[in-house]
Each structure stands twice: as C-alpha cells, then as structure tokens.
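Undergrad: Below you will find the structure I want to go over with you.
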C-alpha cells in the first residue's frame, strides 16, 4: 500500500486531468448551455445543422465549458443525459436550454471568425471544412446554411464547392495535407469515419475543432493503396505516443485493419466518431476529495483455493457508456467493466460518474491492450514499454488490478484468431508487475498462461446480444460438458447491448456446480489450480488479415 | 439344394444393399433457411452441396460470415467407416471450441428410412481451454416429402438441445449468389 501511495505521489503531477482535480476550487456554480439533439443524422436531413452546431461547440468550448449536447434515445453513447445531471449536481453547472441553431449562433457566433462552406454531395469536404474550422475559428455550413451564418455576422473564410470536383479521397486529403497539416496538432488526429451512405455522425468533431486536429476518413484497406499510403504518412509524422480519435469508415476498411495500422506506429486509438462533448468534458477535473475506489473482492496478497466446480466471470468491454450501464438489471450480477482509461485525460467527470454510480457488483478493469485501444502483437518493441507504463500508471489512478488485452488483427470481425504471441505475453508480464492477472480476447481466444500466481485467461465464450437465450444456455452448458475437469474457469464476454436480466435467467439454467464470481476472485481461483492449458498464438493458426 | 442356398444367400446380401442405397434426390445444392433453423452463430449463410457416388456421399459446405467465405469438403462412405481430418460441422463460432488440426474423426455413415435419411455418427477430436477432447456427433440428413427440402438434425453428447437446420434445394447456378 505504501508502495502504491508513493507511486501515486510520483505520477499524479504528470496527469493533467488529476492536476485539474487537485487544483479545482470547491465547485463554484457556472453557467452553460445545452441543446437536445434528435436522432436525424441524414445528410439530406438533420446533418448539416448538427455539423454546424458540433463545430460551433468546439469553438465555444475553447476557453471554457459553455456548450453541452444531450443526444436522443438510441444514440450510441447513452450517458449524455445522466452526465448532464452529474455536471449540474456535482459541478454546480446551471444549464440553459437552447432550442434552435439560430439561438445557438446567437450565443456562440462571437467565438467564430467566419464560416467555411462544404458540399453535401461530396462528403470529404465536410472533413476538410472541419480542419479549416479548427485552424481559422470557422463554423462549417452547407450552401443552404450560408444565410443563417451571415445573419449572425459571420463572413466567408473558405468555400470548398467545386475545389475537389472529380477527385478521389486520396487526392482530396493530399491537397488538404499540403494546405493545412503543418498548422494542425501533431499529437492528435481525427478519423471521422463511421457510417457510409446517407448518414454521418460526426459527434466528436467538437473535440477536433477545439484541438485544431486534421480531419480525414482515409482507408486502411490495402486495396485502397493511395489512401493507405497517405494515412501512413500522417501516422509517421505524428509525434510519438499520438492519439487517433474517431473510428474507421464502415464498408471502406475494417476495425481490424485500422487498429492494426495504428498499433504498428505505436499510436493510440480512442473511439468512436460519435463520442460527444469532449470539448466540454475535458474542462472538468474530478470533484474535490474524489478518489477512485474499485469494488475489490479479494486482497492482492490473498490466496484462494478453487473447489471442484465451474467458475464463471462476466466482462463487458465495449467502451463503457455504450449500452448496458444505463439499462435495468445492472448490479444483479458480478460484471466487470472495461473503463476507458484515457478519459482520465479528457473526460474525467464521465469516469467519476461511472464510479459514483457503480454497484458493489460492478468492477472496473484496465485496458484495452494499452492506455487505449491497440493491438499488442503489432506494437513496435521500442514503444511497448512506454505505452504500457502509461497504462499501468492509469490503472493505479483508477484503482484497477486486472488488465484486459485484445488483438483482433488476425481475426475476422469478432471471431477467429484473437491470440497473442508468446513474445507479446512475455512483454505484458514484464510491463505489469503488480496486476493480479490478464484477460484476453473479444470473441473467444485460446491464449492462456499462469506465471507467478498471475493468470492470463482468454474468453471461452462471447454472448451475441441477438442470440436466443436458450441457445446461449445450451452453448454454455456445452462448454461446461466439454471442459470436464473441475475446476473449470469459464470467462464470458458480454457484448455491450446485452440485457443483464436475461443473463440472470441463463445462469439459472446452467448445469453442474456453477458459481458466478467477480473477476478478481475468478483470477485468484484460477491461479490456484491450472486446469487450463498454457497456449499462445500458433504461427499455423489461420489469419484472416495478415497485416501490412 | 446348393443352388437354392446360393440364391438365398445372394438375396440376403443384396437386399440390404438395395435398402441402403441413397435416394438420388438428395443430390444437389441445398441452402439453409435461416428463419426456420437453429440460429447460426458466427455464420451468415450456409449451403451444402451433396453428391452420391456408389456408396460414397460427398459434401461441400459453402459458408459465409459477412465478407468471409469458407468452403469445406468431405466424403463419407456408407460401406465402411472412414477417418476424416478436419471433419466439418456447422459450429457455434463464439465458443472456444476448435478442431484439432491433423487429427482424424472416425465417421460412420448409414442410409436409413429406405435411403431417405443419411445417418452420420462421428467421434470428432476437438481442442478446448482444458486441452484435447472428443465430441460425439450424431447427424441425420432427412429428405422431406417432395424432395425440395432437407432437414439436418444434429445431436452432441455434450449438448442437450438439438441443432436443427432446414435447407431448401437451389439450382447449382445459385451457388454464386
């Protein structure tokens, strides 16, 4: 304990979020504005105004947290409403609602110097416009919104209509790189991907505008050689340890390809392109006196002995804040949560909100694979130690003892080869001397180990939220039958949109001596009797994507 | 007398052989009807093409998962048990259960129900988190009345709930669709 306290004393000054928390005054009341968005993100519908408002949010929040957005039911991040309440309750923010874009411009046009026009028939121009918006303090408008901007005294700064007619994405972003990249942040980059077709959800654009990032949606798919080459140029020119915010483009490339590419450069990935309000969130530290206290169930030095039974542990690792957290049933089962550690830096209040609302059955773990989402088999050896030091430091701040790893670089979506090489496993054991253990995978995987009483266990099952519960029950019972030695350690990944209440019913139907335990207890028990086989990625195992 | 006995013996031998011949209506390509089948896990679509050749029954499975395409072929023999490496089954891919590479499954195939049902029994070597194990699989491919539908019922010694897959016949030209 003394060792940890000493360690924290060393690292706290290095963490900006925590510095803010320590320096925070006793929560003086402050005013801010809030808008409630509907769910219309169609290019031909609600997107142009939302794109304007989100960019405006980034400008308005440059020097103070002034503008917050609450998203409609069904939006990927379901915490914007509860977090608004948290800011009001814990930070004394008095929100005034803005009903229209006109009203928002009335309040915040003062933070813009003009507008830049993008062409809704050529979507990359929206990204270029956002890049310009950050550099020139502009709002982004479609031609139809020019009169609205001008009514608020904004003048044209740039007009992208026609500039890129007939050009490929690679050509467009090559030109934009030549014009703007030198003035953009070289620590952070926005990958404004996500949906294709008739909708876009650029909710993270406020953050990119505020931080003067370069926006793009280049492909990491080798079949798009020009785009891939250009993206590699960006990554090679980012500062070491840089972060890519946003998400890959659905249908153009895959999550696996993009995360592999980012990891190959030792960079960090923070999803998604729909992550909202970072320009607001980043300006609040932890409330005075707040300290992360995880619901540990077993002391670090404790030794448990497994009985001849089946031990189950459940983990939810899809970006906390998506899905299950706000749904009924949470707390009925021991469930571990992959908290997004990077939020210590740019969304501390959200982490505090999760900890504050955690039940004794909610247990936070570190990850994913590093200080943010990465594929460790591809992280350069000379970057691995530094990145994991950062992750280890964050785990100590967040009072976390178990680290989650995921490498889907060779997988096929959430299936297939999600294993770690022995070299990668060696590196993790060396980099995290204080963790109680590691878990691995997203879908099932078969990397397992036990060293110094610290297990590395992969998921044996992934619960697809669409799979009928009677089939989930049969699947789990079949795993229990196939793994007939006792104890059997059955680690289950719960996809974010699963319903906890239905899991409770599944557990009632399991056969044999089954016990659901918290993850830290599970790891201690797994350390006591290794009935699982030590295994690493076999070079002969099939790889869906072989890398770059 | 000798001649009569010989004839009788011949009848006794040939009758079962005639009885076990598979109905050629099972030949062709069959497509999984997702709406009537056990929900697939980790697969989006499934086709199985079946081809009879004397006592042998050839299977070719064409599976997809989003953009991924997987094809697997195997041949069983109703005249004798065979050892098949990489025995193919429509697996639940979100379970950490893997085929043991290079290990062979002992497979016994039999025509029953007058050749309208092919019964397959296999001892399939698998790998789980606790190491190597064997799953006993029992399959029946049942040709339905009218010969336009085929039902695969699969039981495992480790699963109390049967897996039931309904297939409908499609033209071979549909293979690419």
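Undergrad: May I ask you to work out the translational diffusion coefficient for region A:86-185 at 20 °C, viscosity 1.002 mPa s, via Stokes-Einstein with Rh from the Kirkwood sum over Cα pairs, reported in whole µm²/s? Walk me through the intermediate numbers first.
TA: Working: Rh = 15.0 Å.
Answer, rounded: 142 µm²/s.
Undergrad: Another question, then. Largest first and to the nearest Å, give the Cα extent of region A:310-528 along each principal axis.
TA: 48, 38, 33
Undergrad: Just order A:342-348, A:446-452, A:220-226 by mean Cβ neighbour count inside 10 Å, highest at the front, would you? All intermediate terms of the calculation are to be shown ahead of the outcome.
TA: On the way: A:342-348: 22.7, A:446-452: 19.9, A:220-226: 16.3.
Sorting A:342-348, A:446-452, A:220-226 by mean packing, highest first, produces A:342-348, A:446-452, A:220-226.
Undergrad: Then there's this: How big is region A:253-305 by the Kirkwood estimate over distinct Cα pairs, in Å?
TA: Taking the inverse mean of 1/r over all distinct Cα pairs, region A:253-305 comes out at 15.9 Å.
Undergrad: Calculate log10 I(q)/I(0) of region A:398-471 for q = 0.19, 0.20, 0.22 Å⁻¹, where I(q) comes from the Debye formula with a single equal point scatterer on each Cα and nothing for solvent.
TA: Relative scattering, expressed as log10 I(q)/I(0), comes to -0.79, -0.85, -0.96.
Undergrad: Shielding of A:472-485 by partners, i.e. mean partner chain Cβ atoms within 10 Å per residue? List each step's numbers first, then the result.
TA: Numbers: counts 3, 2, 9, 7, 1, 4, 10, 9, 1, 7, 15, 8, 4, 4.
That works out to 6 on average.
Undergrad: So how far, in whole Å, is the C-alpha centre of region A:171-244 from the one of region A:282-303?
TA: Using only Cα atoms to place each centre, the spacing works out to 35 Å.
Undergrad: Another question, then. Ranked highest first by average number of other Cβ atoms within 10 Å, how do B:131-142, B:72-83 line up? Provide the component values of the computation, followed by the final result.
TA: Details: B:131-142: 17.2, B:72-83: 14.9.
So the order, starting with the most tightly packed, is B:131-142, B:72-83.
Undergrad: Right, here's the next one. Using only the Cα atoms, work out Rg/Rh for region A:127-255, with Rh taken as the Kirkwood radius, to two decimals. Provide the component values of the computation, followed by the final result.
TA: On the way: Rg = 14.8 Å, Rh = 15.4 Å.
Radius of gyration relative to Kirkwood radius: 0.96.
Undergrad: Still on this model: Cut-off is 10 Å between beta-carbons; in what order do A:395, A:123, A:406 appear when sorted fewest neighbours first?
TA: Details: A:395 24, A:123 16, A:406 28.
Placing the least packed residue first, the sequence is A:123, A:395, A:406.
Undergrad: Using only alpha carbon pairs under 8 Å that are at least six residues apart, calculate the relative contact order of chain A and give it in whole percent. Walk me through the intermediate numbers first.
TA: Numbers: 1150 pairs, mean separation 81.5, N = 548.
15 percent.
Undergrad: Follow-up question, since we're still on this one. Counting just the Cα atoms, what span does region A:214-348 cover along each of its three principal axes? Round to the nearest Å and put the largest first.
TA: Cα extents, longest axis first: 56, 44, 33 Å.
Undergrad: What is the projected area of the convex hull of the Cα atoms of region A:198-270, averaged over all directions, in nm²? Numbers along the way, then the final one.
TA: Numbers: hull surface 20.2 nm².
Value for region A:198-270: 5.1 nm².
Undergrad: Can I ask one more? Which whole number gives the average, over all residues in A:414-427, of C-beta atoms from other chains lying within 10 Å of the residue C-beta? Present the calculation step by step, with values, prior to reporting the outcome.
TA: Values: counts 3, 8, 4, 0, 0, 0, 0, 0, 0, 0, 0, 0, 0, 0.
Mean inter-chain Cβ contacts per residue within 10 Å come to 1.
Undergrad: Right, something else. In chain A, what percentage of the DSSP-assigned beta bridges are antiparallel, given to the nearest 5?
TA: On the way: 10 of 68 bridges.
About 15 percent, rounded to the nearest 5.
Undergrad: Using only helices, what value at 222 nm comes out for the protein assembly as shown when you add -39,500 (n - 2.57) per DSSP H run of length 4 or more and divide by the total residues, to the nearest 500 deg cm²/dmol? Numbers along the way, then the final one.
TA: On the way: 20 runs with 208 residues, N = 725.
Calculated from helices alone, the mean residue ellipticity at 222 nm is -8500 deg cm²/dmol.
Undergrad: Based on the alpha-carbon gyration tensor of region A:452-548, what equivalent-ellipsoid semi-axes (square roots of 5 times the eigenvalues) come out, in whole Å, largest first? List each step's numbers first, then the result.
TA: Numbers: eigenvalues 113, 84, 36 Å².
Result for region A:452-548: semi-axes of 24, 21, 13 Å.
Undergrad: Convex hull over the Cα atoms of chain B, averaged projected area in nm²? Before the final figure, lay out the partial values.
TA: On the way: hull surface 50.3 nm².
Computing the convex hull of the Cα atoms and averaging its projections yields 12.6 nm².
Undergrad: Please give the average number of partner chain Cβ atoms lying within 10 Å of the Cβ of each residue in B:84-95, rounded to a whole number.
TA: 4
Undergrad: Need one number: nm distance between label points at residue B:44 and residue A:226, each 7 Å from Cα along Cα→Cβ, rounded to one decimal.
TA: Label at residue B:44, label at residue A:226, 2.7 nm between them.
Undergrad: For region A:147-192, count all C-alpha to C-alpha pairs, find those more than 12 Å apart, and express that count as a whole percent of the total. Walk me through the intermediate numbers first.
TA: Values: 776 of 1035 pairs.
Tail of P(r) above 12 Å: 75 percent of Cα pairs.
Undergrad: DSSP beta bridges in region A:2-281, what fraction antiparallel, as a percent rounded to 5? Present the calculation step by step, with values, prior to reporting the outcome.
TA: Working: 1 of 32 bridges.
So the antiparallel bridges amount to about 5 percent of the total.
Undergrad: For region A:310-528, give the share of DSSP beta bridges that are antiparallel, in percent and rounded to the nearest 5; count only bridges with both residues there. Don't skip to the end; give the middle numbers.
TA: Details: 7 of 34 bridges.
Taking every DSSP beta bridge with both residues in region A:310-528, the antiparallel ones total about 20 percent.
Undergrad: Let me ask another. Can you give the convex hull volume of the alpha carbon atoms of region B:72-177 per residue, in Å³? If you can, show how the numbers build up before the last one.
TA: Values: hull volume 13.7 nm³, N = 106.
Per-residue hull volume (Cα only) is 129 Å³.
Undergrad: Shifting gears a bit: Starting from 0 in steps of 10 Å, tell me what percent of the Cα-Cα pairs of region A:14-168 lands in each bin.
TA: Per 10 Å bin, starting at zero, the Cα-Cα P(r) for region A:14-168 comes out as 10, 35, 33, 17, 5, 0 percent.
Undergrad: For region A:310-528, what is the relative contact order in percent, using Cα pairs closer than 8 Å and at least 6 residues apart in sequence? Each step should come with its number before you reach the end.
TA: Details: 413 pairs, mean separation 63.6, N = 219.
Over region A:310-528, the number comes to 29 percent.
Undergrad: For a quick check: sort A:402, A:79 by the number of other beta carbons within 10 angstrom, fewest at the front. Kindly include the intermediate steps, with their values, before the conclusion.
TA: Numbers: A:402 29, A:79 21.
In order of increasing Cβ crowding within 10 Å: A:79, A:402.
Undergrad: When only Cα pairs under 8 Å and 6 or more residues apart are kept, what is the percent relative contact order across chain B? Numbers along the way, then the final one.
TA: Values: 371 pairs, mean separation 35.2, N = 177.
Here the relative contact order equals 20 percent.
Undergrad: Still on this structure, please answer the following. Considering region A:360-436, what Rg and Dmax in Å follow from its alpha-carbon atoms?
TA: 12.7, 39
Undergrad: Going by average Cβ density within 10 Å per residue, which order do the peptides A:124-136, B:30-42 take, highest to lowest? It would help to have the intermediate numbers written out before the result.
TA: Working: A:124-136: 25.5, B:30-42: 17.8.
Answer by packing, highest mean first, reads A:124-136, B:30-42.
Undergrad: If you build the convex hull over the alpha carbons only and average its shadow over all orientations, what do you get for the protein assembly as shown? Give it in nm² to one decimal. Don't skip to the answer; put the middle values down first.
TA: On the way: hull surface 143.0 nm².
Dividing the Cα hull surface by four gives the mean projection, 35.8 nm².
Undergrad: Mind pulling the angle between the C-alpha long axis of helix A:469-482 and the longest principal axis of chain A? Nearest 10 degrees, somewhere in 0 to 90.
TA: Roughly 40 degrees between the two axes.
Undergrad: Debye calculation, C-alpha points only, no solvent: report log10 I(q)/I(0) for region A:278-349 at q = 0.17 Å⁻¹, in the same order as the q values.
TA: -0.91
The numbers here are math on the coordinates, done by the rules we state, and not lab data. This is a predicted model, so every value here is computed, not measured. With ideal geometry, Cβ positions are generated from the backbone for all residues, glycine too; neighbour counts draw on all protein chains shown.
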